[in-house]
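The values are calculated or read from the model by the stated rules, or taken from the named source; none is laboratory data. The shown structure was predicted, so the numbers you read here are calculated from the model rather than taken from an experiment. Quick reminder, even Gly has a Cβ in these numbers, built from the backbone with ideal geometry, and neighbours come from all protein chains shown. Ligands, DNA and RNA are excluded from the accessible area calculation, which covers all protein heavy atoms including side chains. Shrake-Rupley method; radii C 1.70, N 1.55, O 1.52, S 1.80 Å.
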Amino acid sequence: MTEPRLSFATASAVKRPIYLDHHATTPVDIRVAEIVFNMMVSTFGNANSIDHTFGEAAATIVENAKSNVAELVGSDPANVFFTSGSTEAIRLAISHAIGPARASPLHIALTRVEHQALIDTVRLAERLGIAVVTWIDVDQQARISSGSLLAALQSGADLVCVMAANNEVGTIYPLEEIISLVHSHDAAILVDATQAAGRIGLGGIGADIDYLIFSSHKIYGPKGVGALVSGVYDAGRVYGLGATHDATPNVPGIAGMGEACRIMQSEGAIETHRIADMRDRLQAELLRQIPDLVVNGDKQNRLAHNLHVSVPGTPNDLIVSRLRKKVAISTGAACMSGAQSPSHVLRAMGLADGLQDGALRIGLGRFTSESDIENAALEIVAAVNDVRNAMAGKDYE
Ligand code: PLP
């Protein structure tokens, strides 16, 4: 038998493009990977099989992970339900809010800039006749229109869905205000915190959110694990889940998510400052070299690792394809990149067509270095100039 070989090749150890797509996913932190590995080969028990120490150890790990998740978002460990990611958590939350037997459809109000995972779930419920939908408008910076939110509540919304921060343009939402407005109208609130958890403080408000959702792979944890954090959720109210059987938990993934949350909790604030500084330098350099560049989103209130720009009149797919082997950035959300249809977020913001077509989403992360930023700026500027010269029919130099 050949010797098992475990190689933790970190982002810097291998020569490959500079990774600036941390909204799509993040590399797993080596400290997390070690725990996941250990859970797979060593503490491998079934957390539901606690007649022996293997299962008991796994069950303890799951409980510890719940505490770490709850602490990051300011909730109670008993409110943490692990899922396969945010998409599943969203589906469970909406299914739970609708409930097994409603006399009338649930009135769901959601912003026009929600993630496709939420929009698709709500639209399906609408098609099935178990929900009616009201859309909440946003302005040019993707900020929620308070008039539109209020109108939705006054028209009888039962459940309001807002993001903690937008996954394309990074705009952060004033959750405290929104939660109290929603609750004062006796409605429930669902917050998709997939991009924001660990990056903005949720500690003071997490317990007030009826359904809070986030995912491990956006915070340097493994893929395929996420959490629905909810004080009202009851699996028995979701068709097909009726609490008779507890599936075997994904203990390695859950342990990894717990460790990823612990690291975010202890290092997130400092990391956020460092990343914001680098983002600001990258933004300044791009603006210096591409003077007509437009920075999108709420510049006063956006995620530290987000830089969303439009290169007017310059097709983003041509820019991104020139960067393919050099810098990994995207034209939009991971579920939509490569799609020909324009981003629903940019459309909802009312960006001009030329700005939508030239949109680039850049996302920095924990392992992004100063030299990555310098090199990425050079490459992005070169790619933009190259596309613009080609469009103008100029010869290559
Ligand atoms: N919500 C937001 C805001 C996201 O950014 C994503 C992923 O990109 C999702 C939901 C879906 O998350 P997951 O990949 O964990 O299903």
Self-check item: Net charge dipole size for the stretch 30-264 [Lys, Arg +1 and Asp, Glu -1 on Cβ; Debye, nearest 20]
Solution: 440 debye
Practice problem: State, as an integer percentage, the relative contact order of the stretch 14-72 based on alpha-carbon contacts under 8 Å between residues 6 or more apart. | Solution: 18 percent
Quiz item: Amide H neighbours of Ala188 under 5 Å, counting only residues 5+ apart in sequence or on other chains, H built in-plane at 1.01 Å?
Solution: Leu159, Val160
Quiz item: Non-local amide H neighbours of Ser330 (under 5 Å, H modeled in plane, Pro and chain starts lacking H): which ones?
Solution: Arg361
Quiz item: Cα to Cα, under 16 Å, and not fewer than 8 places away if on the same chain: which lysines meet these conditions relative to Lys325?
Solution: Lys15
Quiz item: Shape call for the stretch 267-397 from the C-alpha gyration tensor, a ≥ b ≥ c root eigenvalues: rounded (a/c under 1.5), prolate (a/b greater than b/c) or oblate?
Solution: oblate
Quiz item: Quick one: net charge of Ala207's neighbours, Cβ under 15 Å, K/R +1, D/E -1?
Solution: -4
Quiz item: Under 5 Å between amide H atoms, partner at least 5 residues away or on a different chain: which partners does Met163 have, H built in plane at 1.01 Å?
Solution: Asp192
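Below 8 Å between Cα atoms, with a sequence gap of 6+, how large is the relative contact order for the chain in percent? List each step's numbers first, then the result.
Numbers: 739 pairs, mean separation 91.7, N = 397.
Here the relative contact order equals 23 percent.
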Exercise. Can you work out the accessible area per residue across the chain, with the rest of the protein chains kept in place, probe 1.4 Å, in square angstrom?
Key: 46 Å²
Practice problem: Using only C-alpha positions, report the orientation-averaged shadow area of the convex hull of the chain, nm², one decimal. | Solution: 22.4 nm²
Exercise. List, in order, the whole-Hz ³J(HN,Hα) value for each residue of the stretch 79-96 obtained from phi through the Karplus relation with A = 6.51, B = -1.76, C = 1.60 and θ = phi - 60°; use x for Gly and Pro.
Key: 8, 8, 10, 7, 9, 8, x, 5, 4, 5, 4, 4, 4, 5, 5, 5, 4, 5
Quiz item: Highest mean first, what order results for 185-191, 202-208, 267-273 on Cβ atoms within 10 Å?
Solution: 185-191, 202-208, 267-273
Practice problem: Starting with the highest mean, order 118-129, 58-69 by the number of other Cβ atoms within 10 Å, averaged over the residues of each peptide. | Solution: 58-69, 118-129
Practice problem: Rounded, prolate or oblate: pick one for the stretch 30-264, where a ≥ b ≥ c are the square roots of the eigenvalues of its C-alpha gyration tensor, a/c under 1.5 means rounded, and failing that, prolate if a/b is larger than b/c, else oblate. | Solution: prolate
Quiz item: Once phi is turned into ³J(HN,Hα) by the Karplus curve 6.51 cos²θ - 1.76 cosθ + 1.60 with θ = phi - 60°, what whole-Hz value does each residue of the stretch 195-204 show in order, with x for glycine and proline?
Solution: 8, 9, 4, x, 9, 10, x, 10, x, x
Quiz item: With the contact rule set at Cα under 8 Å and sequence spacing of 6 or more, what percent relative contact order holds for the stretch 30-264?
Solution: 30 percent
Exercise. For every other residue with a beta carbon closer than 11 angstrom to the beta carbon of His115, add +1 if it is Lys or Arg and -1 if Asp or Glu, then tell me the sum.
Key: -4
Exercise. Calculate what fraction, in whole %, of the accessible area of the chain sits on carbon and sulfur atoms when a 1.4 Å probe is rolled over the protein chains.
Key: 52 percent
Exercise. Rounded, prolate or oblate: pick one for the stretch 121-218, where a ≥ b ≥ c are the square roots of the eigenvalues of its C-alpha gyration tensor, a/c under 1.5 means rounded, and failing that, prolate if a/b is larger than b/c, else oblate.
Key: rounded
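How large is the dipole of the chain about the Cα centre if only Lys and Arg carry +1 and Asp and Glu carry -1, each at its Cβ, rounded to the nearest 20 debye?
800 debye
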Practice problem: Apply the Karplus parameterisation 6.51 cos²θ - 1.76 cosθ + 1.60, with θ equal to phi minus 60°, to every residue of the stretch 180-194 and state each ³J(HN,Hα) to the nearest whole Hz, in sequence, with x for glycine and proline. | Solution: 5, 5, 5, 5, 5, 9, 6, 9, 9, 10, 10, 10, 8, 9, 4
